[in-house]
Every structure is written in C-alpha cells, then in structure tokens.
Amino acid sequence: MTVADTPLGLKLARQAGWNQIETDWRRFLALQPDGCFVGELDGASVATTAAFTFGPVAWLAMVLVDIDSRRRGVATALLKHALDFLDRQGVRTVRLDATAAGQPVYEKLGFVPEYPLTRYMGTATPWRGRPALASRGHPGLALPNLDVSTPLERQGQDVRATEEPASRPSALTLPPSTHSQWDAVVAFDERVTATPRGKMLARLFEESPELTQVLCRDGQVTGYVTGRRGAHATLIGPCIADDDAGPDLLQYALARCAGQPVFLDIPQDNAPATALAQASGLTAQRHFMRMCRGEQIHDHVESIWASSGAEKG
Ligand SMILES: CC(C)(COP(=O)(O)OP(=O)(O)OC[C@H]1O[C@@H](n2cnc3c(N)ncnc32)[C@H](O)[C@@H]1OP(=O)(O)O)[C@@H](O)C(=O)NCCC(=O)NCCS
C-alpha cells in the first residue's frame with residue numbers, strides 16, 4: 001500500500017462505519033511504510049491491512065474487506081501475508097483488537113483472546129463545578145487545575161479512593177519529542193503497555209497538541225492523554241496514567257471536547273475508567289477483543305484509562 005491507495009482505505013473504512021480519516025492512513029504508512037498492504041481479488045483492490053512493529057511487539061490494524069468481496073478468503077490471505085511480513089521482522093508478539101466479525105478469522109490464524117474492551121460514545125460534557133484546565137502563558141501549554149479532587153468525588157460517588165496526592169501535578173508543554181521529559185513519557189508508557197510505542201506517541205502528540213496533556217508529580221510522569229479527530233467522533237486515547245492522574249486526564253480530554261461526539265475504548269477490567277465514562281453520560285457502543293499471537297504481553301489494564309483505539313492498542 002502507498003499513499004496513492006488511501007482513497008481505497010477511506011472507502012472501506014466508510015463502508016464499515018469506521019472512524020479513521022486520511023490522517024490515520026498517512027500515519028500508518030509513516031509508521032511502517034513496508035507494512036501496509038492492499039488485497040486484490042480478480043485484479044481489483046478490495047481489502048487493506050496495516051501492520052507495524054514496536055520492537056519485539058507488532059500490531060495489526062485496518063483489516064477491511066469490501067462488502068462485495070467478503071467470505072471468499074480475502075482477509076485470511078491478506079492476514080497470512082502480513083503475518084509472514086511480521087515474522088520476517090523477528091517480532092515475538094502480534095496483537096490486535098478484534099471486532100466480532102474479525103475474531104473468528106483471527107482465531108483460525110492462531111490468535112487467542114486476551115481481554116475485552118468497550119467503546120464508550122456520546123457527547124463530551126465538562127464537569128459542572130470543575131473549571132476547565134486553563135491555557136495560560138505559552139500557547140499550547142495547558143496547565144492543570146490544581147484542585148486534584150475529581151468531580152465524581154465531589155458528587156460523593158465512590159469511584160476511587162480520594163486521598164490527596166502528596167504534591168500537585170504539573171503539566172508539560174508540547175510537542176514533547178524535544179522536551180526533556182519526553183523519554184520519561186515513553187518509558188512510563190512502556191512500563192504500562194510493555195510495548196515501546198515512542199514513534200507512534202510522538203506522531204499522535206504532534207498531530208493533536210490541543211488534546212494532549214502530560215501530568216507529573218515530584219518530577220515523575222504520572223500519566224498522559226492524547227486523542228485524534230475522526231470521521232464520526234474524536235477518539236480520546238491513549239490515556240495511560242496512575243490512579244491519581246487518570247481521572248484528571250480523562251476529564252481534561254472530555255472538557256477539551258465539550259459539546260462534541262467522542263469515543264473512548266476502555267478495558268473492561270478498568271472499573272474506575274468505566275465508571276467515569278458512564279458518569280460522564282457516555283454509553284457502551286460496541287466491544288472489541290484484544291487478541292495476541294505468540295508470546296503473551298503483560299500490560300497493566302488498571303493504568304490503561306483509554307486505549308489508542310481499536311486499530312492501535
Ligand atoms: C472481518 C472481515 C475482514 C472478514 O473478511 P473476509 O474476507 O470475509 O474473511 P475470510 O473470507 O477470510 O473469512 C471469513 C469467513 O469466510 C469463510 N470463507 C473463506 N473462504 C471462503 C470461500 N471461498 N467460500 C465461502 N466461505 C469462505 C471463512 O472460513 C470464514 O468463515 P467464518 O466466518 O465461519 O469463520 C470482513 O468481514 C470485514 O471487512 N468486516 C468489516 C470490518 C471488520 O470488522 N474488520 C475486522 C477488524 S478486527
């Protein structure tokens with residue numbers, strides 16, 4: 001696949017009702033120019049997939065087959081091709097988030113279920129009584145509200161322990177790939193996801209600085225959130241954070257998207273993130289199954305407040 005094939009990718013994404021826009025296809029092609037493939041049937045381009053590697057871990061994404069060409073083995077053939085490519089790169093693990101339609105196809109290729117995620121959707125509403133994180137001083141520098149208690153706590157909902165952190169978080173200016181804390185952000189993400197995703201995060205942060213926030217405490221990164229615009233909604237995520245930073249970061253992102261449709265993909269085992277999404281008026285739209293082929297990855301779902309979206313983990 002090349003940039004010239006992005007109209008095909010967009011057509012298939014629209015057909016399936018997916019959220020990706022041209023920027024997403026360009027990002028996939030930039031992340032792994034030799035890992036995006038077009039599937040042909042009888043000489044016509046009818047399918048796509050994008051595979052990309054993060055060190056020993058790979059992700060498979062954008063498995064889309066034209067509606068008129070399904071159930072003829074196109075996805076299976078294309079996936080085998082992409083898996084051969086990834087095996088040649090020497091990856092030890094391939095992961096993906098499967099739709100209900102995709103899961104049986106992946107199982108036949110040796111993928112096993114890891115854990116389910118739920119997509120929450122709705123109109124983002126800022127919390128009443130919680131001032132939006134103010135932009136001051138430097139354009140693009142978002143400083144967090146220094147009141148770190150969450151609105152849920154103020155409303156008396158037992159979402160999480162309400163202990164005041166020892167010291168208050170402070171924000172970073174972005175884009176951070178040149179920032180002294182950038183390496184710490186990537187290391188923090190890797191501790192949670194067990195995947196070195198720096199090249200993807202740099203791109204996401206730089207594409208959407210207005211949706212990106214990093215929190216630190218005592219000089220240590222405690223979490224970050226970013227997001228991206230889509231055809232149907234702004235996808236908030238990834239949001240990777242400890243227990244204190246997670247609620248603030250999700251609320252920061254929801255406030256930045258106030259009045260707009262949003263998606264949030266949350267591991268079902270992250271109960272506080274689920275409660276926060278539900279208390280924000282978002283509703284479950286669909287489910288995905290995170291699947292893995294090869295060595296299992298031990299990520300920490302309690303710190304995954306929102307994943308990067310079904311196509312990125
Ligand atoms: C999921 C999707 C990619 C599958 O594509 P596909 O090309 O139809 O998949 P395949 O043909 O390889 O396999 C699908 C089924 O067709 C069967 N099949 C394969 N070749 C066949 C043939 N020649 N005749 C009849 N059936 C065939 C497969 O055994 C499989 O059966 P199953 O559903 O009982 O497991 C496609 O439905 C799609 O694009 N869906 C929307 C987007 C989506 O959900 N993508 C997955 C993201 S995780």
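Residues in region 90-100: is at least one surrounded by fewer than 21 Cβ atoms within 10 Å (Cβ to Cβ) and within 17 Å of the chain's Cα centre (by Cα)?
Here is the first cut: in region 90-100, the residues surrounded by fewer than 21 Cβ atoms within 10 Å (Cβ to Cβ) are 90, 92-93, 99-100.
If we keep only those that are within 17 Å of the chain's Cα centre (by Cα) too, we end up with 99.
Within region 90-100 (the criterion being surrounded by fewer than 21 Cβ atoms within 10 Å (Cβ to Cβ) and within 17 Å of the chain's Cα centre (by Cα)), the answer is yes, since at least one residue qualifies.
Does D66 satisfy the criteria of being within 16 Å of the ligand (Cβ to nearest atom) and surrounded by 15 or more Cβ atoms within 10 Å (Cβ to Cβ)? First the steps, then the outcome.
Working: within 16 Å of the ligand (Cβ to nearest atom): yes; surrounded by 15 or more Cβ atoms within 10 Å (Cβ to Cβ): yes.
It is true that D66 is within 16 Å of the ligand (Cβ to nearest atom) and surrounded by 15 or more Cβ atoms within 10 Å (Cβ to Cβ).
Return the residue satisfying two criteria in turn: it lies in region 32-63 and is among the hydrophobic types (A, V, I, L, M, F, W, C) and over 20 Å from the mean Cα position of the chain (by Cα), and of such residues it is surrounded by the most Cβ atoms within 10 Å (Cβ to Cβ).
A47
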For this session: May I ask you to verify whether G227 is touching a residue at least 60 places away in the same chain (Cβ under 8 Å) and buried (at least 21 other Cβ atoms within 10 Å of the Cβ)?
Result: no
Problem set entry | Options V225, V192, V186: the member that is assigned to a helix (DSSP H, G or I), in contact with a strand residue (DSSP E or B) (Cβ under 6 Å, 6 or more places away or on another chain) and under 24 Å from A61 (Cα atoms) | V192
Exercise. Of all residues in region 1-53 being within 12 Å of the ligand (Cβ to nearest atom), of a type in the set (A, V, I, L, M) and in contact (Cβ under 8 Å) with a residue 60 or more places away in the chain, which is nearest to S69 (Cα to Cα)?
Worked result: A13
Problem set entry | Sole residue being in contact (Cβ under 8 Å) with a residue 60 or more places away in the chain, touching a Lys or Arg at 6+ places or on another chain (Cβ under 7 Å) and either farther than 29 Å from P113 by Cα or not basic (K, R) (or both), chosen from D265, D242 | D265
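Could you pull out the residue among L86, L29, L79 that is under 25 Å from H232 (Cβ atoms), surrounded by 20 or more Cβ atoms within 10 Å (Cβ to Cβ) and in contact with a strand residue (DSSP E or B) (Cβ under 9 Å, 6 or more places away or on another chain)?
Details: L86 fails: under 25 Å from H232 (Cβ atoms); L79 fails: under 25 Å from H232 (Cβ atoms).
One residue alone meets the criteria, L29.
When only residues in region 81-127 that are polar (S, T, N, Q) and part of a strand (DSSP E or B) count, which is farthest from the ligand (Cβ to nearest atom)? Please lay out each step first, then the result.
Initial filter on region 81-127 (polar (S, T, N, Q)): 89, 93, 99, 103, 118, 123, 125.
Add one more test, that the residue is part of a strand (DSSP E or B), and what stays is 93, 118, 123.
Values: T93: 17, T118: 15, T123: 25 Å.
Going through the qualifying residues, I end up with T123.
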Problem set entry | Of residues in region 267-284 being surrounded by fewer than 19 Cβ atoms within 10 Å (Cβ to Cβ) and touching a Ser or Thr at 6+ places or on another chain (Cβ under 8 Å), the one farthest from T53 (Cα to Cα) | G281
For this session: Enumerate the pairs (first residue in region 66-77 and touching a residue at least 40 places away in the same chain (Cβ under 8 Å) and within 14 Å of A44 (Cα to Cα); second residue anywhere and within 6 Å of the ligand (Cβ to nearest atom) and in a helix (DSSP H, G or I)) with beta-carbon separation below 9 Å, excluding pairs fewer than 6 apart on the same chain, so at least 6 apart or on different chains.
Result: D66/V74
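Taking the stated definitions as given, is G90 of a type outside the set (D, E), at positive phi, at pLDDT 95 or above and in contact with a Lys or Arg (Cβ under 9 Å, 6 or more places away or on another chain)? Step through it out loud before you land on a result.
Working: of a type outside the set (D, E): yes; at positive phi: yes; at pLDDT 95 or above: yes; in contact with a Lys or Arg (Cβ under 9 Å, 6 or more places away or on another chain): no.
No.
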Exercise. What pairs come up if the first residue lies in region 94-116 and is acidic (D, E), the second is at pLDDT 95 or above and within 8 Å of the ligand (Cβ to nearest atom), and their beta carbons are under 8 Å apart, counting only those six or more places apart or on different chains?
Worked result: D97/F288
Exercise. Would you say G219 is on the phi > 0 side of the Ramachandran plot and not β-branched (V, I, T)?
Worked result: yes
For this session: For L143, state whether it is at pLDDT 95 or above and either in the same structural domain as G17 (by TED's automatic domain parsing) or in contact with a Ser or Thr (Cβ under 9 Å, 6 or more places away or on another chain) (or both).
Result: no
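The values are calculated or read from the model by the stated rules, or taken from the named source; none is laboratory data. None of these values were measured; they are calculated from a predicted model. Backbone-built Cβ (ideal geometry, glycine too); neighbour counts: all protein chains shown.
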